[in-house]
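The block underneath contains the structure these notes are about, expressed in structure tokens.
The values are calculated or read from the model by the stated rules, or taken from the named source; none is laboratory data. Everything numeric in this text was worked out from a predicted model, so none of it was measured. Note that each Cβ is placed from the backbone with ideal geometry, even for glycine, and that neighbours are counted across all protein chains shown.
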Amino acid sequence: MPILSGSASLTRFNVTPPDELDFESEEFRELAPGSEVRESIGFLPFEPGADYQIGVNRWAFRVRIDRLVTDATLVRERLADLLRVEAEQSGGRISAAKRKELKNLAQEELLHKARTVSNITECVIDGSVLHIATTANNTLGKIVLLLRKLGVIASFKTPWIDLGEDDAESEIMEVYGPDQSMHGSSFLKGLIGDDDVMIEPVEGWAKLATHNARIAISGKVLNDVVGYVEDGAELLAAKLISADLVFKLDALSFRVSGLSLRRPAMGHWTERLDERLEQIDSMWELLDTKYSELRRPKRRGRILTSNPPADGNRPDDTPEDDNVVAFDTGRHGPS
């Protein structure tokens, strides 16, 4: 997935990298013909022969993952033959464990006909933040494990993790990922009617969870989103727009996809990368700032008059200024 060009998908991590990183020790190596190894993963520079370190506490690299994939049709055909033979020998009953074993055997037999599937993901370590240009959990996990071999320990970066907030609960659904939280859904609801970051009103897209189902809607979604939220639905993801950017936000994990960035001016690839990273940092800063603003406690209760009681105390029935309000959706409709 790209950071340097095209629209980007991004996941952030907090990292504390060592002073030196030896990417060459874990460089990518292609799968040898006839090898029984089914997967190879390693680092590549952004361009052949380029340095991995491009500044003070800044490294740019790509991670390539090659997998051998057998043809599904051939595997099914060979598995059918193996199952037929096994049924004849066992009297017709084949356990699930035996079926899985035979499927693995069929795949191994057909490895010599397997094709190689490659996936290359661009990454940047910028100070204490790691940007990985994908939102796919499987790929993220492999990259994090690979970086650990270099002494880079990465942990998910989201506003609620950075602020040390407790888990949020929902009556509708549960979250499962280590970075996921219903705080993200509440945050996305709080953006309804916001002036700086808003749900795309014309060519929009959103995913919601109701008591009965999960739904996805597209087009002029704002009225529908407001209606579902007012009925108690959780807002899971949406296409957002700001003054300069358009992107989709997966609220539960605070991951971004389809981020459209300005085309950088012609120049050396490090200069173009710097320009792209400035736009990416600006987007994250906008979201983090907006999250903090919406999390601030709001005053509730009676407005005191300009002439308070002589003793200076508040009336007994005036609620205290507790941290009681966060993410007031306000039931806003389109303007």
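Collect the residues in the stretch 245-283 that are of a type in the set (A, V, I, L, M, F, W, C) and either at pLDDT 95 or above or touching a Gly at 6+ places or on another chain (Cβ under 7 Å) (or both), keeping them in residue-number order. I'd like the intermediate steps shown before the answer.
Here is the first cut: in the stretch 245-283, the residues of a type in the set (A, V, I, L, M, F, W, C) are 245-247, 249, 251-252, 254, 256, 259, 261, 265-266, 269, 273, 277, 280, 283.
Passing the criteria: Phe247, Leu249, Ala251, Leu252, Phe254, Val256.
Considering only the stretch 247-276, state which residues are within 17 Å of the chain's Cα centre (by Cα), closer than 24 Å to Trp59 by Cα, surrounded by 17 or more Cβ atoms within 10 Å (Cβ to Cβ) and not aromatic (Phe, Trp, Tyr).
From the stretch 247-276, those within 17 Å of the chain's Cα centre (by Cα) are 247-260; that's our starting set.
Adding the requirement that they be closer than 24 Å to Trp59 by Cα leaves 254-260.
Narrowing further to those that are surrounded by 17 or more Cβ atoms within 10 Å (Cβ to Cβ): 254-257, 259.
Within the stretch 247-276, Arg255, Val256, Ser257, Leu259 meet the criteria.
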Problem set entry | Condition check for Leu31: surrounded by 12 or more Cβ atoms within 10 Å (Cβ to Cβ) and over 26 Å from the mean Cα position of the chain (by Cα) | yes
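Surrounded by fewer than 19 Cβ atoms within 10 Å (Cβ to Cβ) and either farther than 17 Å from Arg12 by Cβ or assigned by TED's automatic domain parsing to the domain that holds Glu278 (or both): is that true of Ile65 in this structure? Break it down stepwise before answering.
Numbers: surrounded by fewer than 19 Cβ atoms within 10 Å (Cβ to Cβ): no; either farther than 17 Å from Arg12 by Cβ or assigned by TED's automatic domain parsing to the domain that holds Glu278 (or both): yes.
For Ile65, the condition - surrounded by fewer than 19 Cβ atoms within 10 Å (Cβ to Cβ) and either farther than 17 Å from Arg12 by Cβ or assigned by TED's automatic domain parsing to the domain that holds Glu278 (or both) - is not met.
If the requirement is being outside the structural domain of Arg276 (by TED's automatic domain parsing), part of a strand (DSSP E or B) and over 29 Å from Leu287 (Cβ atoms), which of these qualifies: Gly92, Gly49, Gly42? Before the answer, list the steps.
Numbers: Gly92 fails: part of a strand (DSSP E or B); Gly49 fails: part of a strand (DSSP E or B).
Every option except Gly42 fails the conditions.
Got a sec? Which of Ala87, Ala72, Ala114, Ala80 is surrounded by fewer than 13 Cβ atoms within 10 Å (Cβ to Cβ) and under 33 Å from the mean Cα position of the chain (by Cα)? Lay out the reasoning, then the answer.
Values: Ala87 fails: under 33 Å from the mean Cα position of the chain (by Cα); Ala114 fails: surrounded by fewer than 13 Cβ atoms within 10 Å (Cβ to Cβ); Ala80 fails: under 33 Å from the mean Cα position of the chain (by Cα).
Step by step, each of Ala87, Ala72, Ala114, Ala80 is checked, and only Ala72 is surrounded by fewer than 13 Cβ atoms within 10 Å (Cβ to Cβ) and under 33 Å from the mean Cα position of the chain (by Cα).
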For this session: Considering every residue within the stretch 134-142, establish whether at least one is crowded, with 20+ Cβ neighbours inside 10 Å and among the hydroxyl-bearing types (Ser, Thr, Tyr).
Result: yes
Exercise. In the stretch 145-158, what residues are under 17 Å from the mean Cα position of the chain (by Cα) and either within 19 Å of Asn57 (Cβ to Cβ) or at pLDDT below 95 (or both)?
Worked result: Ala154, Ser155, Lys157
Exercise. Which of the residues spanning the stretch 33-65 are among the acidic types (Asp, Glu) and out of contact with any Lys or Arg (no Cβ under 9 Å at 6 or more places or on another chain)?
Worked result: Glu36, Glu47, Asp51
Exercise. Looking at the stretch 198-208, which of its residues are of a type in the set (A, V, I, L, M, F, W, C) and modelled with pLDDT under 95?
Worked result: Met198, Ile199, Val202
For this session: Have a look at Ser155, Ser170, Ser128, Ser95 and point out the one that is surrounded by fewer than 18 Cβ atoms within 10 Å (Cβ to Cβ), over 26 Å from Arg29 (Cα atoms) and touching a helix residue (DSSP H, G or I) at 6+ places or on another chain (Cβ under 7 Å).
Result: Ser170
Exercise. Would it be correct to say that Glu101 is acidic (Asp, Glu) and in the same structural domain as Tyr52 (by TED's automatic domain parsing)?
Worked result: no
Exercise. If the Cβ limit is 7 Å and pairs must be 6+ apart or interchain, which residue in the stretch 16-31 that is in a loop (DSSP other than H, G, I, E, B) pairs with which residue that is surrounded by fewer than 16 Cβ atoms within 10 Å (Cβ to Cβ)?
Worked result: Thr16/Ser128; Thr16/Ile153; Pro18/Gly151; Leu31/Val37; Leu31/Thr116
